[in-house]
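Structure record follows, encoded as structure tokens.
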Amino acid sequence: MKPLLISLFLIFSITLRSYSQTGKLDLAKESLKQQNSSNNSTTSSSTKVSNNRVKDENPFLEELALFMVKISFGLAYQIGVESYFEKDRNMHSADFSKYPYKEPYLGNYVYKDSTNSETIFRVDIASNFVYESKKLFGNNLSLNLKFARRFDLEVGSLQLFEKVSSSTDNFSLYHAMLNYHRIRTQEFDLWFGLGVNYVANNVNEAGFSYGLGSEWFLNKPLSILVTFNGTTINNRPVNKTRLLLKYYINNFNISTGYEHYSLGVSKIDTYSIGLGASF
């Protein structure tokens, strides 16, 4: 009886130990390594057209289809890039400011004519400490190069650490994005972009990513920043969402707010506080 009790105790302690050593970050990495085989068996029910059927070519339908493609492309350009009505407005020739709330300007953009540029490019750097609990915390670092009035190139990394039992686990996510600033007013800046995300830590997988962001300049020296970056790795999400309140002091800023991460099967909600600067 005694050996049986000892064996049961050992099995229980080993099970408990292995359970306690599995944290959110480990679960995230393991889920991203696995192919989510939701048997997308492509039922290639290719409808074979019989040779007896003669394909009728209708010139009118072909012209109509070409016309619809041109209309669709034109509408996409008007909505996503610039409309005809914007070419004579301030937004068309707006330039990046040297930094937000630089007197006498308000936000990220300065209204200037096309011959008098405010700045050729601007570099923004930000580092945010993110905290879910005393066991799970990390750092979100980004470097952003704004150029050509409407574009920015952003690179950065998210490093998360989790204390599990007597060890520390970590999760590393790197990203690069090319963003286009669609709305460029002094009070409001909205952009979208495409890029790539890469997960390290024995996952070693990259995925095409897309993003959307905006910053609303309330009144000197405050603004609200909202961003989303998403990708899919092995059919599982790797998403980052941020909602931050920023306080500007000349070319520096302090930010605080909320950051949410969907990393495979793990959901992480963090408090965020950080520092940033523009040069």
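The values are calculated or read from the model by the stated rules, or taken from the named source; none is laboratory data. None of the values given here were measured: they were computed from a predicted structure. Neighbour counts are summed over all protein chains in view; Cβ atoms, including those assigned to glycine, are modelled from backbone coordinates with ideal geometry.
Residue by residue through the range 165-215, note down the ones that are touching a residue at least 60 places away in the same chain (Cβ under 8 Å), over 30 Å from Ala94 (Cβ atoms), in contact with a strand residue (DSSP E or B) (Cβ under 6 Å, 6 or more places away or on another chain) and assigned to a strand (DSSP E or B). Asp169, Asn170, Phe171, Leu173, Val199, Glu205 - these are the residues of the range 165-215 that are touching a residue at least 60 places away in the same chain (Cβ under 8 Å), over 30 Å from Ala94 (Cβ atoms), in contact with a strand residue (DSSP E or B) (Cβ under 6 Å, 6 or more places away or on another chain) and assigned to a strand (DSSP E or B). Taking the range 228-265 as the range and being within 15 Å of Leu158 (Cβ to Cβ), of a type in the set (S, T, N, Q) and out of contact with any Asp or Glu (no Cβ under 9 Å at 6 or more places or on another chain) as the test, the residues that pass are Asn229, Thr231, Asn239, Ser262.
So, of the residues in the range 113-126 that are buried (at least 16 other Cβ atoms within 10 Å of the Cβ) and at pLDDT below 95, which turns out to be nearest to Gln186 (Cα to Cα)?
Going through the range 113-126, the residues buried (at least 16 other Cβ atoms within 10 Å of the Cβ) turn out to be 118-119, 122, 124, 126.
Cutting the leftovers down to at pLDDT below 95 gives us 118-119.
Values: Glu118: 13, Thr119: 15 Å.
If we take residues in the range 113-126 being buried (at least 16 other Cβ atoms within 10 Å of the Cβ) and at pLDDT below 95, then Glu118 is nearest to Gln186 (Cα to Cα).
Do you know which residues across the range 216-241 are touching a strand residue (DSSP E or B) at 6+ places or on another chain (Cβ under 9 Å), farther than 23 Å from Glu30 by Cα and assigned to a strand (DSSP E or B)? If the condition is that a residue be touching a strand residue (DSSP E or B) at 6+ places or on another chain (Cβ under 9 Å), farther than 23 Å from Glu30 by Cα and assigned to a strand (DSSP E or B), then Trp216, Phe217, Leu218, Leu222, Ser223, Ile224, Leu225, Val226, Thr227, Phe228 are the ones that fit. Annotation: of all residues in the range 153-176 being among the hydroxyl-bearing types (Ser, Thr, Tyr) and over 22 Å from Tyr210 (Cβ atoms), the one that is modelled with the highest pLDDT is Thr168. One residue is enough: does the range 33-44 have a residue meeting the conditions surrounded by 14 or more Cβ atoms within 10 Å (Cβ to Cβ), farther than 30 Å from Ser278 by Cα, of a type outside the set (Phe, Trp, Tyr) and modelled with pLDDT of 80 or more? Yes: the range 33-44 contains one or more residues that are surrounded by 14 or more Cβ atoms within 10 Å (Cβ to Cβ), farther than 30 Å from Ser278 by Cα, of a type outside the set (Phe, Trp, Tyr) and modelled with pLDDT of 80 or more.
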